[in-house]
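In what follows, a single structure is set out as structure tokens and then discussed.
The values are calculated or read from the model by the stated rules, or taken from the named source; none is laboratory data. It should be emphasised that the depicted structure is a prediction, and the values quoted were computed from it without experimental measurement. Methodologically, a virtual Cβ is constructed for each residue, glycine included, from the backbone with ideal geometry; neighbour enumeration extends over all protein chains shown. Surface areas here come from the heavy atoms of the whole protein model, side chains and all, with no ligands, DNA or RNA. Shrake-Rupley method; radii C 1.70, N 1.55, O 1.52, S 1.80 Å.
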Amino acid sequence: MTGKYELGWTKRAENQLMRPENPGANRPDPATPRAGNAGRARVPAHPGSETGQPPLPATGPWAAPPAAPLTSPSDAPLTAPPAGPSAGSSGWAGADRRAAEVRGLGEPGGAGGFGAFAAGPGRAGATAVGSDGGRPERHGSVGRSRTDKRRRWIAWLAVAVVLVLGLGVVAVVRPGPVDRMLGGGAAPSGAAVSRTPDPTPSAVLAPAGAVGTAPDPWKVKAALDPLMTSVALGTEVHASVIDAASGKVLYERNADVPATPASTTKLLTAATVLAARGPAYRLTTRAVAGSAGEVVLVGGGDPTLSVDAKALFPGAARLDELATQVKKSLAGVAPTRVIVDTTLFSGPETASGWAPDDISPLGQVARIQPLMTNGGRIKPVHNEHGGDPRYPDPAIGAGKAFAKMLGVTTVVRGRAPAGARELGAVQSPPLVQITDWMLEQSDNTIADVLARQVAIAAGKPATFDGATEAIIAKLRDLGLPNDEADLYDGSGLSRHNGISPALLTHLLTLAAGGQQPALTGIFGGLPVAGWSGTLEDRFAAPKPNQVARGLVRAKTGTLSGVNTMAGQVLTADGRLLVFAMMASGSANAYTAKAALDRVPARLVQCGC
């Protein structure tokens, strides 16, 4: 799809779980310790094997290779394959450069530390596509010249060769869309993994400087106080507004007191996973040889993995392409069954504070496993309103689809043998694109799967507790007030979560400043008021709210009785402000959202 639905999705109807409970009543006492996570039981040991696994044969496709033991599929950063770059490879010089360039910031540390609003939603998109980095083929040698005329001819030839080599260097670094416009073809593969092409990007955000005059805090207070006391917002309102260029606090209302954040929690998840892994990081799904003809599908924590070309997520890795690699590696030998390895994650697959019907029938989230297709959805469809039907066991669902492609019917859980031979691998799009989709459409499953990556990067267990502890620790490393966050998941679906508006505005200010280039990636995924994602239909009524369309980018959050929003706004004076609001106790979600929208709309008009 094109136009406003630039990701090919429809609007997310995020988390509107209309339940009568008091939104603050289910928040546990912070002094009460949490219960530990019970690890998932191991598969029974195989008799006669010291490792608990069947011994591998000495020859054939299931033979143990002399290589090092299999490592966690998501632990290593992306590196160039030994035989040269693969088709559709990233071509990024590094995560920090990608984070800066894709937002229109230039080199890291350059001028314009944060994105302003250009026409349209300013999406981050495809990466530069590298071409063959090998040396040019030599077509023979040149003998020693005997005359000055011949020497001049050779000199001109040398200049031409230099020019050709120079053009070759340019071809290596030109971005993917330019490469396609100039007729560039795919580079020779030679890679260990298969990647789908990155989506073509739309216009990035224009860089913004400290233009205009910073608003006066007293005038901002006079403008916002009447809106904060609106009955439609509910019984409790927390808010924070900061001038992004100077870091000056412009407005506070219970700003440092944690409140139920709903899906604004995803801002913390996006920022910390980008900081921990880097924007260019990719998630790998592998297939390795088991024993006695088994093929082991090893989950690498990629929630965007697709069954085939009918993908929900643009540029997703595909099981059918992995199956093709496996068949080639087996060279005609028929596999006997498929084993799914989900040992990358452990502990409970649902979080404390989730409702029993969040997975079924509401379809707001899937069980959090390291192997799934289309975010655990049964069909690659995202519904405008309500949830999406999910597999009761996403990993087995993916395993069955994979087994069908290999012509086998038996699918069971297990573990890949140590040192197993790799039969194929596919990689996700860059992490910054996944966080974009997660923020724009408020995808709960993606958020909680990516939260596990923060834990893995920190050496913590890939559990809900490990993930939330790692997120809070990473916030501390970034110099943010991490004591103003109490998390039970990475999506905000848990009603036990608590985050202060001040923590969110300080995070947005840090991301806008450019000192942490990886963090700027969060801005590209924020929905645009009246244009995209969860804000596509917002700021429509009452009419004064329409002034904010195209000038507000924000992450929204909705649970029953809870309405939140955090993001950035461009004022009439051209000044960039960051804000966060959390309101609870409202009786009507629609009137509460309209009342919430009035605040950033008033900031747009503010000539304070």
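Here are the numbers for this structure:
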item	result
Any hit, region 544-556, residues being touching a strand residue (DSSP E or B) at 6+ places or on another chain (Cβ under 6 Å), under 23 Å from Lys248 (Cβ atoms), among the basic types (Lys, Arg) and at pLDDT 95 or above	yes
Subset of region 546-558 that is within 28 Å of the chain's Cα centre (by Cα) and outside any strand (DSSP E or B) - its residue that is surrounded by the fewest Cβ atoms within 10 Å (Cβ to Cβ)	Arg549
Residue within region 546-557 that is farther than 22 Å from Asn444 by Cβ, in contact (Cβ under 8 Å) with a residue 60 or more places away in the chain and among the polar types (S, T, N, Q) present	no
Phe539, sole failed condition from (1) over 24 Å from Ile434 (Cβ atoms); (2) in contact (Cβ under 8 Å) with a residue 12 or more places away in the chain; (3) part of a helix (DSSP H, G or I)	(3)
Subset of region 227-250 that is of a type outside the set (A, V, I, L, M, F, W, C) and touching a residue at least 60 places away in the same chain (Cβ under 8 Å) - its residue that is most open to solvent (accessible area, probe 1.4 Å)	Thr235
Hey, Gly419 in contact with a Leu (Cβ under 8 Å, 6 or more places away or on another chain) and surrounded by 24 or more Cβ atoms within 10 Å (Cβ to Cβ) or not	no
Any hit, region 369-386, residues being under 28 Å from Glu440 (Cβ atoms), at pLDDT 95 or above and in a strand (DSSP E or B)	yes
Test: Arg538 is at pLDDT 95 or above and either over 23 Å from Leu508 (Cα atoms) or surrounded by fewer than 22 Cβ atoms within 10 Å (Cβ to Cβ) (or both)	no
Residue among Leu478, Leu487 that alone is touching a helix residue (DSSP H, G or I) at 6+ places or on another chain (Cβ under 8 Å) and crowded, with 23+ Cβ neighbours inside 10 Å	Leu487
Condition broken by Ala401, with the remaining ones in (1) surrounded by fewer than 24 Cβ atoms within 10 Å (Cβ to Cβ); (2) within 22 Å of Trp354 (Cβ to Cβ); (3) small (Gly, Ala, Ser) satisfied	(2)
Subset tally (residues that are in contact with a Ser or Thr (Cβ under 9 Å, 6 or more places away or on another chain), assigned to a loop (DSSP other than H, G, I, E, B) and either open to solvent by less than 10 Å² (accessible area, probe 1.4 Å) or among the aliphatic types (A, V, I, L, M) (or both)) for region 432-462	3
Single unsatisfied condition, Ser442 versus (1) touching a strand residue (DSSP E or B) at 6+ places or on another chain (Cβ under 8 Å); (2) at negative phi	(2)
Region 222-240: number of residues that are outside any helix (DSSP H, G or I) and closer than 18 Å to Val257 by Cα	8
Residue within region 209-227 that is in contact with a helix residue (DSSP H, G or I) (Cβ under 7 Å, 6 or more places away or on another chain), modelled with pLDDT of 55 or more and not small (Gly, Ala, Ser) present	yes
Contacts under 9 angstrom Cβ, first residue in region 510-526 being over 17 Å from Leu431 (Cα atoms), partner assigned to a helix (DSSP H, G or I) and among the polar types (S, T, N, Q), 6 or more apart	Ala512/Thr520; Gly514/Thr520
Of all residues in region 490-533 being open to solvent by less than 10 Å² (accessible area, probe 1.4 Å), among the polar types (S, T, N, Q) and under 21 Å from the mean Cα position of the chain (by Cα), the one that is nearest to Tyr251 (Cα to Cα)	Thr505
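Yes/no matrix, rows are residues, columns are (1) among the β-branched types (Val, Ile, Thr); (2) surrounded by 22 or more Cβ atoms within 10 Å (Cβ to Cβ); (3) within 23 Å of Gly492 (Cβ to Cβ); (4) in contact (Cβ under 8 Å) with a residue 40 or more places away in the chain:
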{"residue": "Ser560", "(1), (2), (3), (4)": "no, no, yes, yes"}
{"residue": "Thr564", "(1), (2), (3), (4)": "yes, yes, yes, yes"}
{"residue": "Gln568", "(1), (2), (3), (4)": "no, yes, yes, yes"}
{"residue": "Met581", "(1), (2), (3), (4)": "no, yes, yes, yes"}
{"residue": "Ala589", "(1), (2), (3), (4)": "no, no, yes, yes"}
{"residue": "Ala592", "(1), (2), (3), (4)": "no, yes, yes, yes"}
{"residue": "Leu596", "(1), (2), (3), (4)": "no, yes, yes, yes"}
{"residue": "Ala601", "(1), (2), (3), (4)": "no, yes, no, yes"}
{"residue": "Gln605", "(1), (2), (3), (4)": "no, no, no, yes"}
